[in-house]
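Have a look at the structure below before the remarks.
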Amino acid sequence: MTYKLFRKKPVVIQATQWFKNGDHPEDGDIKNEGNIVRYYRHQTVNGTAICNQCANRFSDHGWVDTLEGGHIVCVGDWIITGVKGEHYPCKPEIFEMTYERVV
């Protein structure tokens, strides 16, 4: 079997960078849990534990339900709205390599 080369189709997406609960434009009132980025909760992970990806406390993290299941949102991650209206997080370094701003 041989590899074939493919180019990603140009698609315009919406994205917002997330720093804390309530940052996403669709999350509404920050007193309540967001509609898109929810509070991070895990039965076996204490909120004061440190994330090995970003070195922040887990209590500073969010959670996004995606088509593939739930994903942790670290401080600074981008929340992308996909072509079917789905949401998913993207690390800043991957986002910068993959996307460029459209006017």
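What follows draws every value from the coordinates through simple rules; no lab data is involved. Remember, it's a predicted structure, so these values are computed and weren't measured experimentally. Don't worry about glycine lacking a Cβ; one is built from the backbone with ideal geometry, like all the others, and counts go over all protein chains shown.
Numerical summary
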{"item": "Residues satisfying the stated conditions in the range 38-52, i.e. closer than 21 Å to Pro89 by Cα and either in contact with a Leu (Cβ under 7 Å, 6 or more places away or on another chain) or not small (Gly, Ala, Ser) (or both)", "result": "Arg38, Tyr39, Tyr40, Arg41, His42, Val45, Ile50, Cys51, Asn52"}
{"item": "Residue that is nearest to the chain's Cα centre (by Cα) [pool: residues in the range 79-102 that are surrounded by 16 or more Cβ atoms within 10 Å (Cβ to Cβ) and among the hydroxyl-bearing types (Ser, Thr, Tyr)]", "result": "Tyr88"}
{"item": "Tally, over the range 53-103, of residues that are on the phi > 0 side of the Ramachandran plot and touching a residue at least 24 places away in the same chain (Cβ under 8 Å)", "result": "1"}
{"item": "Only one of Lys20, Lys4 that is within 16 Å of the chain's Cα centre (by Cα) and charged (D, E, K, R)", "result": "Lys20"}
{"item": "Residue under evaluation Asp65, criteria (1) of a type in the set (Asp, Glu); (2) assigned to a loop (DSSP other than H, G, I, E, B); (3) surrounded by fewer than 17 Cβ atoms within 10 Å (Cβ to Cβ), criterion not met", "result": "(2)"}
{"item": "Qualifying residue in the range 14-30 (condition: small (Gly, Ala, Ser) and either in a helix (DSSP H, G or I) or touching a strand residue (DSSP E or B) at 6+ places or on another chain (Cβ under 7 Å) (or both))", "result": "yes"}
